[in-house]
Amino acid sequence: NWARTFGKHSISAMGLFGRQEYATGPMIPSYREDWVFRTTYDWNSRYFFEYNGAYNGSEKFSPDNRFAFFSSGALGWMISEEPFMKYLREHKIVDMMKLRASYGEIGDDNVGDRFLYMTQWAYGGKTQLGTTSSDKESIYTWYRESAVGNPNVHWETSEKKNLGFDFGFLGGLITGSFDLFKDKRTDVLLTQDNRAIPTYYGMNPQVANMGAVDAHGYELSLKVN
């Protein structure tokens with residue numbers, strides 16, 4: 001962490017590195033890695049800027065899709081600190097009035113199975129030497145393709161937009177906030193039961209980043225003290 005103030009200018013920066021390794025019993029260890037940073041700036045507690053970045057890595061994806069960069073930014077304007085609001089502040093008509101806006105993307109690797117990008121094989125079963133169940137089986141046990149892999153499986157992405165307004169009036173008697181938001185999720189993984197395939201395919205289809213979800217709305221919070 002780093003933070004400094006130069007006159008009316010305030011600057012801060014934060015960097016974070018984390019790596020997780022998990023294994024129990026004979027399982028192959030699973031890994032997750034994150035490189036995160038944040039920078040902020042404000043001038044005279046009136047104008048605000050923030051930028052965040054995250055370089056995330058997950059062993060659930062192939063080497064070509066394992067790491068991805070996601071970022072976000074926000075702007076803020078403390079209207080109540082402007083000179084033209086001085087009279088309202090001093091007479092406790094307006095305590096606080098702030099306008100803010102943000103935009104960003106985040107990634108999600110909570111996609112269920114670990115090795116969706118790999119074709120998997122199972123050992124077991126024998127070939128029937130004939131066309132009826134009474135025919136003898138081969139003496140050799142064979143491998144069979146148990147799951148079809150998709151090497152293009154990658155991070156699900158959520159795009160978030162937000163416009164907000166915070167306020168306080170009459171010496172803290174009334175406070176609250178109002179937010180308009182819009183979320184758009186893309187590259188959502190669709191599992192085999194949500195995909196249409198021809199009957200002659202012969203296998204369950206591989207999981208693929210083919211889904212999308214849109215959400216939007218508003219939220220109002222109002223408090224009387």
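Within the range 208-219, one or more residues are touching a residue at least 12 places away in the same chain (Cβ under 8 Å) and within 30 Å of residue 92 (Cα to Cα).
Just one residue in the set 111, 94 is touching a Leu at 6+ places or on another chain (Cβ under 9 Å), hydrophobic (A, V, I, L, M, F, W, C) and modelled with pLDDT of 90 or more; that residue is 94.
Test of understanding: among 178, 165, 115, 169, which residue is surrounded by 14 or more Cβ atoms within 10 Å (Cβ to Cβ), among the aromatic types (Phe, Trp, Tyr) and under 23 Å from the mean Cα position of the chain (by Cα)?
On the way: 178 fails: under 23 Å from the mean Cα position of the chain (by Cα); 165 fails: under 23 Å from the mean Cα position of the chain (by Cα); 169 fails: under 23 Å from the mean Cα position of the chain (by Cα).
Testing whether each residue is surrounded by 14 or more Cβ atoms within 10 Å (Cβ to Cβ), among the aromatic types (Phe, Trp, Tyr) and under 23 Å from the mean Cα position of the chain (by Cα) leaves just 115.
From the list 86, 126, 98, which one is farther than 30 Å from residue 72 by Cα, part of a strand (DSSP E or B) and among the basic types (Lys, Arg)? That would be 126, the only listed residue that is farther than 30 Å from residue 72 by Cα, part of a strand (DSSP E or B) and among the basic types (Lys, Arg). Scoring residue 135 on the criteria (1) closer than 30 Å to residue 75 by Cα; (2) assigned to a loop (DSSP other than H, G, I, E, B) leaves a single failure, condition (1). Can you say whether residue 199 is exposed (fewer than 12 other Cβ atoms within 10 Å of the Cβ), farther than 29 Å from residue 101 by Cα and β-branched (Val, Ile, Thr), as far as the supplied structure shows? In short, yes.
Taking the range 13-38 as the range and being among the small types (Gly, Ala, Ser) and either surrounded by 13 or more Cβ atoms within 10 Å (Cβ to Cβ) or not in a strand (DSSP E or B) (or both) as the test, the residues that pass are 13, 23, 25, 30.
Residue pairs whose Cβ atoms lie under 9 Å apart, separated by 6 or more positions or on different chains, with the first residue in the range 45-65 and under 15 Å from residue 76 (Cα atoms) and part of a loop (DSSP other than H, G, I, E, B) and the second open to solvent by 20 Å² or more (accessible area, probe 1.4 Å) and not basic (Lys, Arg), are 45/10; 45/78; 45/81; 46/77; 46/78; 46/79; 46/81. Per the listing 105, 145, the residue uniquely among the charged types (D, E, K, R), outside any loop (DSSP other than H, G, I, E, B) and in contact with a Lys or Arg (Cβ under 9 Å, 6 or more places away or on another chain) is 105.
If you take the residues in the range 154-204 that are in contact with a Lys or Arg (Cβ under 7 Å, 6 or more places away or on another chain) and assigned to a loop (DSSP other than H, G, I, E, B), which one is modelled with the lowest pLDDT? Checking each candidate, the answer is 171. The single condition among (1) part of a strand (DSSP E or B); (2) open to solvent by 50 Å² or more (accessible area, probe 1.4 Å) that residue 10 does not satisfy is (2).
Within the range 202-217, the set of residues being open to solvent by 40 Å² or more (accessible area, probe 1.4 Å) and either in contact with an Asp or Glu (Cβ under 9 Å, 6 or more places away or on another chain) or more than 18 Å from residue 119 (Cα to Cα) (or both) comprises 203, 204, 210, 212, 213, 214, 215, 216. With respect to the conditions (1) basic (Lys, Arg); (2) touching a residue at least 12 places away in the same chain (Cβ under 8 Å); (3) loosely packed, with under 15 Cβ neighbours inside 10 Å, residue 86 lacks only one, and its number is (2).
The values are calculated or read from the model by the stated rules, or taken from the named source; none is laboratory data. It should be emphasised that the depicted structure is a prediction, and the values quoted were computed from it without experimental measurement. Cβ sites come from the backbone with ideal geometry, for glycine too, and all protein chains shown count toward neighbours. Calculation scope for accessible area: heavy atoms of the full protein, side chains included, ligands and nucleic acids excluded. Shrake-Rupley method; radii C 1.70, N 1.55, O 1.52, S 1.80 Å.
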